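**Student:** My questions will all concern the structure given below.
The values are calculated or read from the model by the stated rules, or taken from the named source; none is laboratory data. The structure displayed is predicted, hence computed values, not measured ones. Because the Cβ atoms are built from the backbone with ideal geometry, glycine has one as well, and the counts that use them run over all protein chains shown. Please note that ligands, DNA and RNA were not included when accessible areas were found on the heavy atoms of the full protein model with its side chains. Shrake-Rupley method; radii C 1.70, N 1.55, O 1.52, S 1.80 Å.
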Amino acid sequence: MKKIVHISNFNLMRFKGCFINGMPVKISNGLTRNGYYVMNYPDRDLCRMFGYGHMNFLGKRRINRHLIDYCRAVKPDALFIGHADVIDVDTILEIKKIFPGLKILQWSCDWIVPGYADRNITALKKYLEAVDVLLITTGDAKLLKQFKTGKNIVGYLPNIADKSIETGEAFKQKSPLYDIMLATNTGKRQFCGQVDEANTKVSGLKWLLAGIKGAPGLNGYEYIEKLAQSAMGLNLSRLNDIYHYSSDRMVHIMANGGLAFIDRRTGFNDIFTEDEAAFYSERGEFFDKLRFYKENPEARMKTAEKGFIKIHHDFNDIVITKYMADLLFSNKITEKPWQVLLK
C-alpha cells in the first residue's frame, strides 16, 4: 500500500465557505477509496498554530521544518500538494533528497490566464522544479503549456463529485423551496461576455442569493442543504470564457441534483449534452430557458437527473483520483472524455 501525504488547506480552524465539500477533502476521500493510505497535512492550520494564531514568518519557518520531520517519520511514497503556498520549494526538494524515489503531484483549482491570474500562475510555477505531475482545473492546452518544463506532466483536473458529500437530489422535487440559486464569494462575475452582476430579475422566480447583492454568504453544511433545496443553479465564475474552466460551483449544482445553467463559452458543451445541462450563449437564451424550466418542472427534472447521473459517473472522486495516482505512479491511464494532457 502506497502512502501519500496530502498537503492542502483542510480549513479546520476557519469555517468559511463550503470547506466541507472542498477539493482537498474529495481528493483524500477518492485516494483512500482507491486503496491508498492518505495522511492529511493541513498546512494553513498548522502554520497558524505554529505562529500563535497567525500565518506569520515564525509559523511559516516552523511548519517547513515540521513537514520535513513529519515525512521522515511517516516515509511517504508521494506528496500531493494543493494550494499549499506556505510550504517552500526548498522544503519539498529537501524531502525529495531524503526519499529519492518520492513522487510529487501538485493540483490546483485555478484559472491561469496571464494578466488576470498572475498570482495563481506565480504560485504554480514556484514548485515546477520539484513536481512530477501538475493538474489544474483549466482545460485550455495553450494555457497549460506555460507550465511545461520538459520533465513534467501537465494536464486538466476536473472538479470532483463525491456521493458521500453531495447527497442532494433536487431533480426529484417538482416544487423545491427555491427555483434557482446563485452563491458566490464576490458580487462581480462574468455574465454573457460582460464582467458585471448577472441580472437576477425574472418575474415569479424564487431566487436564493448568497454572497451577492448584499446577501450573506453560505458556510459549511448549510451550503449543501440549500443546493438540495434549489431546482436550478447559475454557474458563474469570475471569467466564463476559459475552455473547460469553472469554479467547483458547477459540480456542486449538478451533483446535488440541480439543473446547471452554463455559458457555452466554457466549452463544457463538449462534455455535457444539451439535455444534461442548460447551456446559453447570450442573455436572451438564458432568460428564455429560465422561464421554460420554471414553467415546465418535468422537463427540468429530467434534464437535471441526466446531468446528475453524468457528473457522478464521469467526475466522481474514485475515477478522478485513480487517474491522478496512475499518472504519478504508473503513467498508464484509461483515456477520459474530459482528458487534456501534455506529456
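**Student:** If you take every DSSP beta bridge fully contained in the chain, what fraction is antiparallel? Give it as a percent rounded to 5.
**Tutor:** 10 percent
**Student:** Quickly estimate the mean residue ellipticity at 222 nm for the chain, helices only: each DSSP H run with n ≥ 4 gives -39500 (n - 2.57), and the total goes over all residues, rounded to 500.
**Tutor:** -10500 deg cm²/dmol
**Student:** With all protein chains present, how much of the accessible area of the stretch 8-161 (probe radius 1.4 Å) comes from carbon and sulfur, to the nearest whole percent?
**Tutor:** 54 percent
**Student:** Which order do the peptides 76-83, 102-109 take when ranked by the mean count of other beta-carbon atoms within 10 Å per residue, highest first?
**Tutor:** 76-83, 102-109
**Student:** Looking at the stretch 44-99 from every direction and averaging, what is the projected area of its Cα convex hull in nm²?
**Tutor:** Averaged projected area of the stretch 44-99's Cα convex hull equals 3.7 nm².
**Student:** Springs between alpha-carbon atoms under 10 Å, Gaussian network over the chain: tell me which of Gly59, Gly155, Gly307 tops the mean-square fluctuations.
**Tutor:** Sorting by GNM fluctuation, first place goes to Gly59.
**Student:** Moving on to the next point. When the accessible area of the stretch 238-322 is split by element with a 1.4 Å probe, what percent falls to carbon and sulfur?
**Tutor:** Using a 1.4 Å probe with all protein chains present, the stretch 238-322 comes out at 53 percent carbon and sulfur.
**Student:** Just the Cα atoms of the stretch 260-343: what Rg and Dmax do they give in Å?
**Tutor:** 16.2, 51
**Student:** Measure of size requested: the Rg and Dmax of the stretch 1-159, with Cα atoms as the atom set and Å as the unit; please supply both.
**Tutor:** Rg and Dmax of the stretch 1-159, Cα atoms, are 15.3, 43 Å.
**Student:** Pairs to check: Lys174/Lys310; Lys16/Lys343; Lys75/Lys148; Lys125/Lys306; Lys145/Lys206; Lys163/Lys294. Give those whose C-alpha atoms are more than 32 Å from each other in this structure.
**Tutor:** Cα-Cα > 32 Å for Lys16/Lys343; Lys125/Lys306; Lys145/Lys206; rest within.
**Student:** Report which label in (i) 5, 25, 33, 23, 11, 2, 0; (ii) 6, 25, 31, 20, 10, 5, 3, 1, 0; (iii) 5, 20, 25, 22, 18, 8, 2, 0 holds the value of P(r) over Cα pairs in 10 Å bins from 0, in percent derived from the coordinates of this structure.
**Tutor:** (i)
**Student:** Residue by residue through the stretch 162-169, which ³J(HN,Hα) values in whole Hz follow from phi under the Karplus form 6.51 cos²θ - 1.76 cosθ + 1.60 (θ = phi - 60°), with glycine and proline marked x?
**Tutor:** Along the stretch 162-169, the couplings run 9, 5, 7, 10, 7, 9, x, 9 Hz.
**Student:** Let me ask another. In nm, give the distance between the simple-model label positions of Ile309 and His54, each being 7 Å from the Cα along the Cα-to-Cβ direction.
**Tutor:** 5.6 nm
**Student:** Relative to a virtual label point 7 Å from the Cα of Leu12 in the Cα→beta-carbon direction, which members of the stretch 59-76 show backbone nitrogen distances below 16 Å?
**Tutor:** Correct set: 63, 66-67, 70-71.
**Student:** Continuing with this model, one more query. Could you work out the local net charge near Glu274, counting Lys and Arg as +1, Asp and Glu as -1, over the other residues with Cβ closer than 15 Å to its Cβ?
**Tutor:** -1
**Student:** Could you give the dipole magnitude of the chain about its Cα centre, charging the beta-carbon of Lys and Arg +1 and that of Asp and Glu -1, in debye to the nearest 20?
**Tutor:** It comes to approximately 820 debye.
**Student:** Given 25 °C and 0.890 mPa s, compute D for the stretch 33-126 with the Stokes-Einstein relation, Rh being the Kirkwood radius over Cα pairs; round to the nearest whole µm²/s.
**Tutor:** Stokes-Einstein gives a translational diffusion coefficient of 170 µm²/s.
**Student:** If you roll a 1.4 Å probe over the heavy atoms of the protein chains, what accessible area per residue do you get for the stretch 228-293, in Å²?
**Tutor:** Heavy-atom SASA per residue in the stretch 228-293 reads 28 Å².
**Student:** With a ≥ b ≥ c the root eigenvalues of the C-alpha gyration tensor of the stretch 221-317, is it rounded (a/c under 1.5), prolate (a/b larger than b/c) or oblate?
**Tutor:** Since a/c stays below 1.5, the shape of the stretch 221-317 is classed as rounded.
**Student:** Compute the label zone of Glu169 within the stretch 297-311: residues whose backbone N is under 14 Å from the point 7 Å along Cα-to-Cβ.
**Tutor:** It comes to 302, 305-306, 308-309, nothing else.
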